[in-house]
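Peer 1: The structure's right below; bear with me while I get my questions together.
The values are calculated or read from the model by the stated rules, or taken from the named source; none is laboratory data. Nothing here was measured: the structure is a model prediction, and the numbers come from that model. Every residue, glycine among them, receives a Cβ derived from its backbone with ideal geometry; neighbour counts consider all protein chains shown. To get the accessible areas, we keep the full protein, side chains included, count just its heavy atoms, and leave off ligands, DNA and RNA. Shrake-Rupley method; radii C 1.70, N 1.55, O 1.52, S 1.80 Å.
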Amino acid sequence: AMTNALMEKSAAKSLETLDSLISDGAHPLQILKAIENQFRKLLTAREFLSTISSDGSGFGNLPFNRFKQEILPELTRRDEALVEYLVSGYKDSGSHKVARKDIPKDLLFAPNPKSPYPVYLLFKHAARFTVTELYHVLIFICDLDYGVKTSAIDTITHIEQLTLQLCS
């Protein structure tokens, strides 16, 4: 709920969900890691959009059926190429082979291509941000993570600050 509210750029909903998570006993680093994971995935999606068009423009208005027909096949080809690369053992690097079942699903855009709507939503949300914005978000999150682990900063206040910046 928190990451969805952030992707929708809804400050009120994001802060309300953050407060609820803290009240329920969630650790601030858990919340921060969930935000980081979601924005890393958004960055990957946004960069993929940039390969389709120079600025990824127009995707925010792309109908779902067109997404399934035009974009989803590209995503599944990209996922399959990544899986083949990992299973082959990074041919030139001498790394060990990975079994298909051991490949983390979060590396793939469409781990279940029969259920494309969540993937569609991810890309719609990614189109709301620029690549530069997403890089800055991840840098801020990394800095905050480091600060939390090495000093006595007020993590909640910083996550609230991040939330307001993302939603503005």
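Peer 1: What's the total number of residues in the range 95-120 that are open to solvent by less than 60 Å² (accessible area, probe 1.4 Å), without any contact (Cβ under 8 Å) to a residue 60 or more places away in the chain and either hydrophobic (A, V, I, L, M, F, W, C) or not in a loop (DSSP other than H, G, I, E, B) (or both)?
Peer 2: Total meeting the criteria: 7.
Peer 1: Would you be able to tell me the number of residues in the range 18-40 that are buried (at least 16 other Cβ atoms within 10 Å of the Cβ) and within 21 Å of ARG128 (Cα to Cα)?
Peer 2: Adding up the residues that qualify gives 5.
Peer 1: Okay, next question. Only one of ARG78, ARG46 is open to solvent by less than 30 Å² (accessible area, probe 1.4 Å), basic (Lys, Arg) and in contact (Cβ under 8 Å) with a residue 24 or more places away in the chain. Can you tell me which? Spell out how you get there, then give the answer.
Peer 2: Numbers: ARG78 fails: open to solvent by less than 30 Å² (accessible area, probe 1.4 Å).
Being open to solvent by less than 30 Å² (accessible area, probe 1.4 Å), basic (Lys, Arg) and in contact (Cβ under 8 Å) with a residue 24 or more places away in the chain holds for just one of ARG78, ARG46, which is ARG46.
Peer 1: Hey, could you check the range 122-140 for residues that are open to solvent by 40 Å² or more (accessible area, probe 1.4 Å), of a type outside the set (A, V, I, L, M, F, W, C) and assigned to a helix (DSSP H, G or I) and say which is farthest from LEU162 (Cα to Cα)?
Peer 2: Per the stated criteria, the residue is LYS124.
Peer 1: Right, next: For the range 1-17, what are the residues that are farther than 19 Å from GLU133 by Cβ and not in a loop (DSSP other than H, G, I, E, B)? Let's see the steps before the verdict.
Peer 2: Filtering the range 1-17 for residues farther than 19 Å from GLU133 by Cβ gives 1, 12-13, 15-17.
Correct list: ALA12, LYS13, LEU15, GLU16, THR17.
Peer 1: Being under 16 Å from GLU16 (Cβ atoms) and not in a helix (DSSP H, G or I) is the filter here; which residues of the range 149-168 pass it?
Peer 2: Matches in the range 149-168: none.
Peer 1: Checking the structure you have, find out if any residue of the range 141-148 is charged (D, E, K, R), open to solvent by 70 Å² or more (accessible area, probe 1.4 Å) and part of a helix (DSSP H, G or I). Lay out the reasoning, then the answer.
Peer 2: Within the range 141-148, the subset charged (D, E, K, R) is 143, 145.
Then keep just the ones that are open to solvent by 70 Å² or more (accessible area, probe 1.4 Å); that gives 143.
Next, from what is left, pick out any that are part of a helix (DSSP H, G or I): 143.
Taking every residue of the range 141-148 in turn, at least one turns out to be charged (D, E, K, R), open to solvent by 70 Å² or more (accessible area, probe 1.4 Å) and part of a helix (DSSP H, G or I).
Peer 1: In this structure, does ALA26 turn out to be in contact with a Lys or Arg (Cβ under 8 Å, 6 or more places away or on another chain) and aliphatic (A, V, I, L, M)? Lay out the reasoning, then the answer.
Peer 2: Values: in contact with a Lys or Arg (Cβ under 8 Å, 6 or more places away or on another chain): no; aliphatic (A, V, I, L, M): yes.
In short, no.
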